[in-house]
Amino acid sequence: MKKVAYAADVRGLDADISQRGELEAVVARVGFAVARITMKMLSGAYGKRVYIEAGPGNNGEDARSAARFLSERGVKVIVKGIKDRDMGSIKEADLFIDGSFGVGINREFEPVKLPPHIPVLSVDVPSGLDADLGTLWGGCLAADVTATVGALKIGLLQNQGPLVSGKVEVALEDLYTSGTSVSLIEDTDVLEHLGEGDLYDHKWRHSVFVLAGSEGMFGAAELSANASYRLASGIVHLYYPSTPGGRMGVTLSPEIVRVGLDSLWAEPVIDAARHFKSTVIGPGLGRSLQLSNLVRRLLNNTEMPALLDADGIFALGDPARLRRIATSRNAPIVITPHEGEFNAFFEGSGVKVVRGEDRVKAAVRAAEMCGAIVLLKGSLTVVASPHGAAYLVGSGSSRLGVGGSGDVLSGVIGGLMARGVEPALASALGAHIHGRASSFLGGYSVRASDLIEGCVGWLSSLDKRWHRGLDVI
Ligand SMILES: NC(=O)C1=CN([C@@H]2O[C@H](COP(=O)(O)OP(=O)(O)OC[C@H]3O[C@@H](n4cnc5c(N)ncnc54)[C@H](O)[C@@H]3O)[C@@H](O)[C@H]2O)[C@@H](O)CC1
């Protein structure tokens, strides 16, 4: 996982560095790292021309420090302040280092207009980008590479941040040993936290109970149940409200046990669900009052981690009711809304996702309010826990924006929870795997049902032993 920081976290940690008298040494280390990345971008050093724009704060100090290392290696370096830009030298440069402002920008800034062929390396954050919100202070110099210091900044990952940051490299990952509660999921986390099956595994150890589907919406249930089955590698039972003539379609894996409910009487459903390791509720379920009652009673009377998506979230009613249910049971509840569902569910509570504002903070506040894990879907997916920590997932692509994609995600997470992965982490890893699947498949377009095989295919491509047998030859 990569640490992700707010500007306030960084200021606090930087103040500690200054207090310990280590600022000069840190600036030298940052300068060395920036110089190394510069030489990599230039494929060399001797005789190359680098123009550095250095601002009045520590961001400028980092850039000046890089200048010293580059000069020692034979790079022709010109360092200028923002107010004495030298356009003649800029035009002749092989690379432009942007050290104007970092996390300390606090008013509008007009960046230099660079000829398009000159690559830009930005120190910490592109100058003009708000390091928290990912919005722009007037203009912003878009970078080809951003060498961010100590930890990723949240603004690099949301709103306009990803559009102006280019390739982001974290320099000095060891700089901050504490102080951030937000992390970005990486591939190695999947390897680390998805354990190999042990010798004594059996299907009930990875079992998922799915309550989903209704007339006209059986596809959603099938996608969710199929994904659960493939990710849990155990057993899946799919319960659905049956209506005369309504039947599950042919795409449901034959291995999945299907149970049509003639009545929405809760007791038999609760009795059946208690045997499972996780439950997924909601895809295509429908929104009747009886169903809402069934969902709430199921949650109140079972103790396995539960994921609620789509109509499952609707069944919970509002954040206060969810809080009552979530805080009175022993296993966590995860809700997985997209922005529209999020704003509808939290309407009137003071929490809202708004473009241009901080979606991470919105999800964290929502989780604290409702006592459940909140997975807010989007190009930056946020998984927030009620105690304030958050995982971020940025592995997805626009290819995930297809009907049924969310149903697959619910099943993937249900499957990982059934494998014993802690629910907030299972949600984040599930979203990461789902995101990777969208690119792994290649081709012009992808169907939601393809994503299931994409998840399994991507996981299988990782260099990991997934199953253990007897080591006797
Ligand atoms: N202090 C430390 O220990 C470390 C600092 N680091 C670097 O230092 C940066 C933070 O340093 P600072 O807090 O000095 O912040 P900045 O270097 O971003 O600049 C802040 C200064 O610029 C002024 N300013 C802000 N917006 C302006 C505008 N539009 N026009 C003109 N002036 C403007 C502010 O009044 C302030 O004086 C980080 O982003 C990072 O690059 C890192 O190297 C890590 C260690």
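Of the numbered criteria (1) away from the ligand (no atom under 16 Å from the Cβ); (2) outside any loop (DSSP other than H, G, I, E, B); (3) crowded, with 19+ Cβ neighbours inside 10 Å; (4) not small (Gly, Ala, Ser), the one residue 252 fails is (2).
If I filter the range 72-88 down to residues being β-branched (Val, Ile, Thr) and either on the phi > 0 side of the Ramachandran plot or within 16 Å of the ligand (Cβ to nearest atom) (or both), which single residue comes out as least open to solvent (accessible area, probe 1.4 Å)? Filtering first and then ranking leaves 82.
Suppose we filter 446, 472, 412, 421 for residues that are in a loop (DSSP other than H, G, I, E, B) and either closer than 22 Å to residue 366 by Cβ or under 19 Å from the mean Cα position of the chain (by Cα) (or both); which single one remains?
421
One residue alone among 445, 449, 427, 439 is open to solvent by less than 10 Å² (accessible area, probe 1.4 Å), in the same structural domain as residue 193 (by TED's automatic domain parsing) and of a type outside the set (A, V, I, L, M), and that residue is 427. Taking first residues from the range 78-92 that are under 12 Å from residue 112 (Cβ atoms) and partners that are open to solvent by 70 Å² or more (accessible area, probe 1.4 Å) and not in a strand (DSSP E or B), no Cβ contact under 7 Å between residues at least 6 apart in sequence or on separate chains turns up.
Rundown of residues vs (1) within 16 Å of the ligand (Cβ to nearest atom); (2) more than 25 Å from the chain's Cα centre (by Cα); (3) open to solvent by 50 Å² or more (accessible area, probe 1.4 Å), yes/no style:
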residue	(1), (2), (3)
90	no, yes, no
118	no, yes, no
125	yes, no, no
136	yes, no, yes
160	no, no, yes
174	yes, no, yes
180	yes, no, no
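Here residue 52 passes the criteria (1) within 12 Å of the ligand (Cβ to nearest atom); (2) closer than 22 Å to residue 29 by Cβ; (3) open to solvent by less than 40 Å² (accessible area, probe 1.4 Å) except the one numbered (1).
With respect to the conditions (1) out of contact with any Phe, Trp or Tyr (no Cβ under 8 Å at 6 or more places or on another chain); (2) closer than 30 Å to residue 190 by Cα, residue 61 falls short on a single one, namely (2).
Closer than 21 Å to residue 426 by Cβ and within 22 Å of the chain's Cα centre (by Cα) - does that describe any residue in the range 314-329? No, every residue in the range 314-329 fails to be closer than 21 Å to residue 426 by Cβ and within 22 Å of the chain's Cα centre (by Cα).
The values are calculated or read from the model by the stated rules, or taken from the named source; none is laboratory data. All figures in this text were calculated on a predicted structure; none of them were measured in a lab. Here the Cβ is made from the backbone with ideal geometry for all residues, glycine too, and neighbour counts use every protein chain on show. Each accessible area value is taken on the protein alone, full model and side chains, heavy atoms only, with ligands, DNA and RNA left out. Shrake-Rupley method; radii C 1.70, N 1.55, O 1.52, S 1.80 Å.
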